[in-house]
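The values are calculated or read from the model by the stated rules, or taken from the named source; none is laboratory data. No experiment lies behind these values; they were computed from the predicted model shown. Every residue, glycine among them, receives a Cβ derived from its backbone with ideal geometry; neighbour counts consider all protein chains shown.
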Amino acid sequence: MDKKIVLETQDLTKRYDGNTVVDHLNLHVAENEVFGLLGPNGAGKTTTILMLLGLTEPASGSARIFGFNSTREPLKVKSLTGYLPERLGFYDGLTARQNLRFIARLNNMGNDEANQQIDQVLEAVGLTKVADTAVGKFSRGMKQRLGIADVLVKEPRLAILDEPTAGLDPEGINQILDLITGLPKMGTTVVMCSHRLYEVQRICHSIAILAAGKLVVEGALDTLGREALAGGRYRIEVETADSSPQLVEIIGKIKGVKSVEVEGNFLHVTTDSDLRAAISKAVVDNGVALTQVKMQEFSLDDIYKKYFKEG
């Protein structure tokens, strides 16, 4: 069954002073996934976000979030969406709890509902012990976690996070990524805008890459990775005690195997599907010691190189 699309743009276009900064953009984000919106500075990511939220109008085209038009129905879109901008703004003289209570009031939440929700999100982001500390005393990482709490306090169905790990140390980055990974389990779809490839590869299910306002590629991360490495096929790495011609021939006859390349005791097998179990069985059944079998890893660098070169 196809996943439900909760965010969709159709030929979304934005121009400033005659310059096209977002050019006929078509995005599709599925429900309860973490979607990475990637691209270098000036690619049009932040402008796209502003149009998604109804904060700036497109020159042409449209954006819909849960079926609501971002330009014509911005209040409905905002009621369903939480936004974490790259530059956070809190009242430093207020505590974390007071800042969140202010946000709750803006979203017309009653006191009892707000207090319960604030306690829950503070616990979720690991700030319960400093809930009544002035935000001005917070580190950058603590403020980023409070920013996530700020997004979650109204229980959004969609969270748009713009560079959520900017300026953090490795420990802070890991904490934020772990938080984001858990959001779909809470019923929140995530769009994460970033230029940090390794972070996106760690937590995102699907991605879109923008360059100069245009969509370079969009799709599931594993599918794009396989296409970048092996033209859409799987590449399986097998390490054995003996990579004899006989074993190569046997593996080559497995249904779905397209090619077998030998490199020392390693066999690089290209297939149409994940055949690790069948390949492992063939090796063992032929009396050969099997050291390891794994899917060849890809990186977002592979995807970047492939699609920017073709584009």
Inset, instruction - Residues being within 30 Å of L197 (Cα to Cα) and over 19 Å from the mean Cα position of the chain (by Cα): count how many of those fall in region 136-154. - result: 10
Inset, instruction - Considering every residue within region 80-96, establish whether at least one is modelled with pLDDT of 90 or more and of a type in the set (K, R). - result: no
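Do the conditions hold for V125, that is, is it hydrophobic (A, V, I, L, M, F, W, C), in contact with a strand residue (DSSP E or B) (Cβ under 8 Å, 6 or more places away or on another chain), within 21 Å of G89 (Cβ to Cβ) and surrounded by 21 or more Cβ atoms within 10 Å (Cβ to Cβ)?
On the way: hydrophobic (A, V, I, L, M, F, W, C): yes; in contact with a strand residue (DSSP E or B) (Cβ under 8 Å, 6 or more places away or on another chain): no; within 21 Å of G89 (Cβ to Cβ): yes; surrounded by 21 or more Cβ atoms within 10 Å (Cβ to Cβ): yes.
Spelling it out, it is not the case that V125 is hydrophobic (A, V, I, L, M, F, W, C), in contact with a strand residue (DSSP E or B) (Cβ under 8 Å, 6 or more places away or on another chain), within 21 Å of G89 (Cβ to Cβ) and surrounded by 21 or more Cβ atoms within 10 Å (Cβ to Cβ).
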Inset, instruction - Would you point out the residue of region 5-60, among those that are of a type in the set (K, R) and over 17 Å from the mean Cα position of the chain (by Cα), that is surrounded by the most Cβ atoms within 10 Å (Cβ to Cβ)? - result: K14
Inset, instruction - Could you tell me whether any residue of region 177-198 is buried (at least 21 other Cβ atoms within 10 Å of the Cβ), in a helix (DSSP H, G or I), β-branched (V, I, T) and in contact with a strand residue (DSSP E or B) (Cβ under 8 Å, 6 or more places away or on another chain)? - result: yes
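Tell me yes or no: at least one residue of region 139-158 is of a type in the set (S, T, Y) and assigned to a strand (DSSP E or B).
no
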Inset, instruction - Give region 134-154 a look and list any residue that's surrounded by fewer than 17 Cβ atoms within 10 Å (Cβ to Cβ) and of a type outside the set (A, V, I, L, M), or say none. - result: G136, K137, S139, R140
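Has region 42-50 got any residue that is part of a loop (DSSP other than H, G, I, E, B), in contact (Cβ under 8 Å) with a residue 40 or more places away in the chain and over 17 Å from L215 (Cα atoms)? Break it down into steps so the answer makes sense when it comes.
Within region 42-50, the subset part of a loop (DSSP other than H, G, I, E, B) is 42-44.
Now narrow it down to the ones that are in contact (Cβ under 8 Å) with a residue 40 or more places away in the chain: 42-44.
In the following step, the residues that additionally are over 17 Å from L215 (Cα atoms) were identified as none.
No, region 42-50 contains no residue that is part of a loop (DSSP other than H, G, I, E, B), in contact (Cβ under 8 Å) with a residue 40 or more places away in the chain and over 17 Å from L215 (Cα atoms).
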Inset, instruction - Give the residues of region 51-74 that are without any contact (Cβ under 8 Å) to a residue 40 or more places away in the chain and in a strand (DSSP E or B), sorted by residue number. - result: F68, N69
Legend entry - Residue match in region 168-191 (condition: touching a residue at least 40 places away in the same chain (Cβ under 8 Å), small (G, A, S) and within 24 Å of G44 (Cβ to Cβ)): no
Legend entry - Selection within region 124-142 - modelled with pLDDT of 90 or more and either under 15 Å from E155 (Cα atoms) or among the hydroxyl-bearing types (S, T, Y) (or both): T128, T133
